[in-house]
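Reviewing the structure listed below.
Please treat every number below as a calculation from the coordinates, not as lab data. Nothing here was measured: the structure is a model prediction, and the numbers come from that model. Here Cβ is always computed from backbone atoms with ideal geometry, including for glycine, and neighbour counts include all displayed protein chains.
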Amino acid sequence: MDDDIAKPPDAHPTTSPAGPVSAQAYLTEMRDAIQRVTEQEMENVARAADLLAESIQRGGVIQAFGTGHSQAVAMEIAGRAGGLIPSNRIALRDLVVQNGESPGILADPHAERDPDIGRRLYEATPVDPADAFVIVSNSGINGSVVGLASLAKERGHALVTITSLAHSARVESRHPSGRKLSNFADVVLDNGGPFGDAVLPLPGGGAVCAVSTITSALLAQFLTAEVVRRLLAAGEDPPVYLSANVPGGDTHNEALLKRYQGRIRRGG
């Protein structure tokens, strides 16, 4: 949780090579980004998987949270086929469904910047002391993610974050503490995305085609694989979701979900 952890590796580019906008150009960029993440983050993935596996072995649940497009990465971690059953996705909708707040908050494009939302989400979530958190934010600066990360660490939870260190280093925090998501993490996973996320430059300025959702989802699946590997090595039967769209999937999932009754919310 050292502040220096937020410094991006020197190898991260801040701009992409000039070239035509095309699917092939994007594929080239994504291959480079995936290779960079794979080469640089595997040690951190292993450290993060140690924390998450330990949480599950203690009866904990992995609490996943992201706002904006990072919600998609939280969905890769919690509640999907091939994923770990002891996982729960925290979402802004919880403030409406669980806390009774106005549905208008879901239409507020700036809600994710509110530093108090992290506290309200934590209080709306059935959190156990053994639970670990995975918080995802490309920029790592918005009040909700920083606030939730701060509170998770204050309450003694293991915390893994997925973020772009290159982007985060070039923007100011929107949390009153002045700190960023990576400052609170036990383990930071860098998604390898450039500043601004998009990688194909446009002739008139700006860029198109983003990186972070794909590389962050890859990191999420790396975590799942490594956690399951640790559970198997310990002689345990990993509690993993089957697809609800295969025969027997519902029966399999419901039997395992009973272990975590009241602690996992399933929904769209």
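Overview of results
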item	result
Lys, Arg +1 and Asp, Glu -1 on Cβ, resulting dipole of segment 17-259 about Cα centre, debye, nearest 20	160
Over segment 17-259, relative contact order from alpha-carbon pairs under 8 Å, at least 6 apart, %	24
DSSP-defined antiparallel bridges as percent of all bridges, the chain, nearest 5	20
Segment 109-268: mean projected area of Cα convex hull, nm²	12.1
Fluctuation leader among Thr213, Thr28, Thr224 - the chain, Gaussian network, Cα springs under 10 angstrom	Thr28
